[in-house]
Amino acid sequence: MSDALLDIREASKRFGKVRALDRVSLSVAPGERVALLGHNGAGKTTLFRLILGFIRPTSGQIAVAGSPPGSNAARLAVAYLPENVAFQKALTGRETVRLYARLKGAARTDADRALERVGLADAADRRTGTYSKGMRQRLGLAQALVGSPRLMLLDEPTTGLDPLSRRNFYGLIDEIAASGTAVFLSSHSLSELEAKTDRVAILRNGALVADAALSKLQAEAALPVRICVKTEPNKVNEVSERLGGARVNGQSVELLCPAPEKMARLAAISALGPLVTDFDVSQPSLDDIYRHFSTQDKAEDRS
Amino acid sequence: MIGAVLAIAGAELRIGIRNRWVLLSALILLAFALVLAFVGAAPTGAVKASPLTITVASLATLSVYLVPLIALLLSFDAIAGEVDRGTLQLALASPVSRSAIIVGKFLGHLIVVSIAIALGYGVAGALVVTLAGGGSAGLVDLGRLIATSIGLGAAFLAIGYVASASVRQTGTAAALAVGIWLAAVVLYDLGLLGALVADSEGTFAKSVFPWLLAANPADAFRLYNMAALDTGTAATGLSGLGEALPFPPIVGLASLCGWIVLALGAAALVFRRLEP
Ligand SMILES: Nc1ncnc2c1ncn2[C@@H]1O[C@H](COP(=O)(O)OP(=O)(O)O)[C@@H](O)[C@H]1O
Ligand SMILES: [Mg+2]
């Protein structure tokens, strides 16, 4: 056993014929922030349910804080925010968080402090039925904060939030992680993930296809840089011939080049002198990287 | 453990009061009780029983229909609804036992039902005493009716939890609850009546029928209350029900208690198997 807070070894889960998870191995160290990425149906929620002990793996082992999932010790160490949770509309935010605080054996003041931390102190005595989506997610986070968990499991916490609430939410998560709580959160797109996570794990059809720091995934994917060269409409053919790129709309040429060759290409472009009116360089986006890992199978099928 | 049970019970009670469940159920019980007391069951001829006792007799029949309905409407959503909304996953992720969750909900809902019944029937009883006279005679009967109606509510709350924990969707749980109400309160009696008509003097009527009545919590409730009224006043017009039974009326009460314990146990068992 390592000293990991969460240790998943070769865990598989089948629902009848559906193989929801296929020999997934993953660990989360104390205080670490890990993002779990995957399309809908990739198995993210299933993995969380296994970690919480709601369902048992078909094969493989999972240890939470060194204990079996669902055991008292494991439940004391973990907090959970399910996907799309809808709190009782008739209760106020404070009543809601205090209820879960008592279920966890935490003090009332703990609940009030959690509400303050997520910025809901002013709205705490309003019924949750009046909350916006962003406030409801922050309420969910407050509920998870209560009882000082060592590991926080957040299932697609920012799906459906507008960009501002999302940034706000990830800001809170950064603060929580900075105070020593490990955060394991899922999302269905890498670009949505504004949290500075230490690691990114990608699930594809139940199998883990990547598990590394974002910078490492970027290097591993080795996606080409996209250079767009603009020119006069009547010079497009000439530019395209000399640079070897593809013509897009009558007045620009697009080139894809591996990152190490970028400078050489730029030199070639500047050698064209007045033929070029403008140019743009775009790095592969987070979505490009995510697509690279999450759809590799299909790309291989096609080629 | 106790803290968790009380927290859940408190939340359920709060929800019951806030979304006007308590008030609405009390008003419905009161309205029907008043209709029965002042319009429907006007006693004719020389009746020695007090007006309150006669009202209690008709309220017992009212309870058989309304109390199970109120209890089932409260409980069908208790588990399935929380699975749907994701709040059960929150509770189950915390270090609280599943039986504590069931017991907490039961306690909270039971208080909701109790307030509604005590309020509805209490006000109805007070109005009967003020308007029709008769003094305090029959107060014991009213007290017994309220207490056993709460017991009836408890039994159907627990039965509702079994239904709620056995399905995944709230809609299915709702349909199941309506089905249970129809079967226990309407169809069961119709079936017994049919059998009785077919075999009115045989062994069925004398020795099987009363036991079948006692086996159904709603009928057991009515049986016990009617028999108690009968022996108490000997003049409710329900001649000698107590003597016609092959067992003491207390069996009805025992059956009701048995149903509460059994259904709660079954609910806890089904709930333990649930994978949220
Ligand atoms: N209780 C279940 N019964 C049958 N299949 C299930 C069940 N839960 C999940 N699945 C299947 O397992 C796969 C993974 O689902 P899930 O973990 O919910 O994905 P995600 O959360 O990544 O969107 C899906 O194909 C889903 O249909
Ligand atoms: Mg999911």
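Read-outs throughout are calculated quantities, based only on the coordinates presented, and are distinct from any laboratory measurement. Nothing here was measured: the structure is a model prediction, and the numbers come from that model. Glycine also receives a Cβ, built like all others from the backbone with ideal geometry; neighbour counts cover every protein chain displayed.
Taking a point 7 Å from the Cα of A:Ser215 along the Cα-to-Cβ direction, the residues of the range A:159-201 with backbone N closer than 19 Å to it are A:194-201. Look at the stretch A:93-104: the mean tally of other chain Cβ atoms within 10 Å of its residues' Cβ atoms is 5. Of B:Leu59, B:Gly194, B:Gly265, whose Cα points farthest to the positive end of the dipole of the protein assembly as shown (charges on the beta-carbon: +1 Lys, Arg; -1 Asp, Glu; origin at the Cα centre)? So the residue furthest toward the plus end is B:Gly265.
Residue exposure proxy: A:Asp174, A:Asp7, ordered by other Cβ atoms within 10 angstrom of their Cβ from fewest to most, comes out as A:Asp174, A:Asp7.
Footprinting exposure proxy ranking of B:Lys206, A:Lys262, A:Lys44, fewest other C-beta atoms within 10 angstrom first, gives B:Lys206, A:Lys262, A:Lys44. Straight Cα distances below 17 angstrom link A:Lys44 to the aspartates and glutamates A:Asp7, A:Glu10, A:Asp22, A:Glu83, A:Asp155, A:Glu156, A:Glu192, A:Asp211, B:Glu275, with same-chain residues fewer than 8 positions distant left out. What the Cβ-Cβ distance of B:Leu193 and A:Ile55 gives, at R0 = 51 Å and to the nearest 0.05, is a FRET efficiency of 0.60.
Could you please state, rounded to a whole Å, how far the C-alpha centre of the range B:199-233 is from the C-alpha centre of the range A:1-50? Measuring centre to centre over Cα atoms gives 58 Å.
State, as an integer percentage, the relative contact order of the range A:6-218 based on alpha-carbon contacts under 8 Å between residues 6 or more apart. Please list the in-between numbers first.
On the way: 419 pairs, mean separation 61.7, N = 213.
RCO, the range A:6-218: 29 percent.
Within 10 Å of each Cβ of A:82-90, how many other protein chain Cβ atoms are there on average? All intermediate terms of the calculation are to be shown ahead of the outcome.
Details: counts 8, 2, 3, 6, 6, 4, 10, 4, 9.
Average neighbour count from other chains, rounded to a whole number: 6.
Between A:Lys17 and B:Val186, what is the spin-label point distance in nm, taking each point 7 Å from the Cα along the Cα→C-beta axis? Going from the A:Lys17 label point to the B:Val186 one covers 4.1 nm. Using the structure shown, select from A:Lys13/A:Lys216; A:Lys17/A:Lys196; A:Lys17/A:Lys216; A:Lys89/B:Lys105; A:Lys133/A:Lys216 the pairs with a Cα to Cα distance greater than 25 angstrom. Long pairs (Cα-Cα over 25 Å): A:Lys13/A:Lys216; A:Lys17/A:Lys196; A:Lys17/A:Lys216; A:Lys133/A:Lys216. With the helix formula -39500 (n - 2.57) applied to DSSP H stretches of n ≥ 4, chain B reaches a computed 222 nm mean residue ellipticity of -25000 deg cm²/dmol. Backbone geometry of the range B:99-114 corresponds, through the Karplus equation with coefficients 6.51, -1.76 and 1.60 at θ = phi - 60°, to 3J(HN,Hα) couplings of 5, 5, 5, 4, 5, x, 5, 4, 4, x, 5, 5, 5, 4, 4, 4 Hz, x marking Gly and Pro. Once the C-beta distance of B:Leu24 and B:Arg273 is scaled by a Förster radius of 51 Å, the resulting FRET efficiency is 0.95 to the nearest 0.05.
Cα centroid separation, the range A:271-297 to the range A:188-228: 16 Å. Fully extending the segment from A:Arg247 to A:Asn84 would add 54.2 nm, taking 0.36 nm per residue of separation and subtracting the current Cα-Cα distance.
Between B:Ala126 and A:Asn72, what FRET efficiency comes out of the Förster formula 1/(1 + (r/R0)^6) with R0 = 60 Å and r the beta carbon distance, rounded to 0.05? Efficiency for this residue pair is about 0.75. Put in line by how crowded their Cβ is, counting other Cβ atoms within 10 Å and starting with the fewest, A:Arg226, B:Arg273 read B:Arg273, A:Arg226. Computed on the Cα trace of the range A:6-218, the radius of gyration divided by the Kirkwood hydrodynamic radius gives Rg/Rh = 0.96. Once the mean of 1/r is taken over each pair of separate Cα atoms and inverted, chain B shows a Kirkwood hydrodynamic radius of 19.7 Å. Using every pair of distinct Cα positions in the range A:224-283, the Kirkwood expression returns a hydrodynamic radius of 11.2 angstrom.
Its residue count N fixes a reference of 2.2 N^0.38 Å for the protein assembly as shown, and the Cα radius of gyration divided by that reference is 1.36.
Report, to the nearest 10°, how far helix B:188-198 tilts away from the longest principal axis of the Cα atoms in chain B, using its own Cα long axis and a range of 0 to 90°. Helix B:188-198 sits at roughly 40 degrees to that axis. In whole angstrom, how far apart do the alpha carbon centroids of the range B:88-159 and the range B:5-25 sit? Spelled out, the Cα-based centre of one part sits 12 Å from the other.
Using a cutoff of 8 angstrom between alpha carbon atoms and counting only pairs six or more residues apart, the relative contact order for the range B:50-173 works out to 55 percent.
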